[in-house]
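Enquirer: So that we are looking at the same thing, I have put the structure below in structure tokens.
The values are calculated or read from the model by the stated rules, or taken from the named source; none is laboratory data. Please read all numbers here as calculations on a predicted model, not as lab measurements. Glycine also receives a Cβ, built like all others from the backbone with ideal geometry; neighbour counts cover every protein chain displayed.
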Amino acid sequence: MKIALITGGAKRIGAQIVKTLHSNNYDVIIHYRNSKKEAQELATLLNNKRTNSATIVHAELTNIGSINKLKRSIPKLDLLVNNASVFYPTPVPEVDQNSWNDIINTNLMSPFFLSQSLSLALSNRNGCIVNIIDIHSDRPLKNHSVYNISKSGLAMMTKTLAKELSPSVRVCGVSPGSILWPKDDTTTNQHDKDVMIEKIALRRQGEVEDIANAVVFLASSPYITGQIISVDGGRTLNQ
């Protein structure tokens, strides 16, 4: 049985990645920061299907000490999915050091140092890292300057680590398009949503399963590294 750690695995896309990996014979470690209740409920659901197959772990991944503590609790690992992320508007005139640090540290610094700290455990089992990036790493989303920068950095990190950690660790990425509306979405009206859907070649949002299936594909493809797959329904064709 392989072992996977999924950061931000308690809700939304992360939770589906956890479920899909579990159904593909992974034991899963569900990382959470604030969503303990959801993480526990998900672990209970999965353990009812297969005993002792899911555990939860709390860590503040923007803190190096917390990352090192997490490392010590995971002696064996086959797959790291860097999914945890923050997303909110940061128009350039409004960016301050707090918002910069919050987004960059969560979306870029944390996955780098977590990958670094777990690279030996992954190397021992010829493991894989899959980073959840974003199509806006290539094509910036207006009014989300710091988010765009953080995801662009994560894309470059994916390619850099693929070189640095080869040949014993593969590193790939999945760039979602429109999958879920933001959980605190109060700024996008239905007209704007309809306009965005019109720009998607398949004329619909994707499903969380689409992202999870891409993660499983990359994790189980031993001759793919350094690649980033856009799962966007063809949205980037019209950007």
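Enquirer: Taking the options Ile67, Ile13, name whichever one is over 16 Å from the mean Cα position of the chain (by Cα), within 30 Å of Ser152 (Cβ to Cβ) and buried (at least 19 other Cβ atoms within 10 Å of the Cβ).
Expert: Ile67
Enquirer: Another question, then. Sort out which residues of the stretch 18-33 are closer than 14 Å to Ala212 by Cβ, among the hydroxyl-bearing types (Ser, Thr, Tyr) and without any contact (Cβ under 8 Å) to a residue 40 or more places away in the chain, and write them in order of number.
Expert: The one that is closer than 14 Å to Ala212 by Cβ, among the hydroxyl-bearing types (Ser, Thr, Tyr) and without any contact (Cβ under 8 Å) to a residue 40 or more places away in the chain: Ser23.
Enquirer: Tally the residues that are over 12 Å from Ile29 (Cβ atoms) and in a loop (DSSP other than H, G, I, E, B), restricting the search to the stretch 53-75.
Expert: Residues meeting the conditions: 4.
Enquirer: Scan (1) closer than 18 Å to Leu154 by Cβ; (2) under 14 Å from the mean Cα position of the chain (by Cα); (3) not β-branched (Val, Ile, Thr) for the single condition Tyr32 breaks and write down its number.
Expert: (1)
Enquirer: What is the residue count in the stretch 210-239 for residues that are under 27 Å from Asn126 (Cβ atoms) and either out of contact with any Ser or Thr (no Cβ under 7 Å at 6 or more places or on another chain) or of a type outside the set (Ser, Thr, Tyr) (or both)?
Expert: 20
Enquirer: Would a scan of the stretch 201-214 turn up a residue that is touching a Cys at 6+ places or on another chain (Cβ under 7 Å) and surrounded by 19 or more Cβ atoms within 10 Å (Cβ to Cβ)?
Expert: Within the stretch 201-214, not a single residue is touching a Cys at 6+ places or on another chain (Cβ under 7 Å) and surrounded by 19 or more Cβ atoms within 10 Å (Cβ to Cβ).
Enquirer: Ok, one more. Against the condition acidic (Asp, Glu) and modelled with pLDDT of 95 or more, how does Asp184 come out, does it pass?
Expert: It is false that Asp184 is acidic (Asp, Glu) and modelled with pLDDT of 95 or more.
Enquirer: Search the stretch 149-160 for residues being within 15 Å of the chain's Cα centre (by Cα) and polar (S, T, N, Q), and hand back the single one that is farthest from Gly177 (Cα to Cα).
Expert: My answer is Thr158.
Enquirer: So which of Ala15, Ala39, Ala10 is among the aliphatic types (A, V, I, L, M), touching a residue at least 24 places away in the same chain (Cβ under 8 Å) and assigned to a loop (DSSP other than H, G, I, E, B)?
Expert: Ala10
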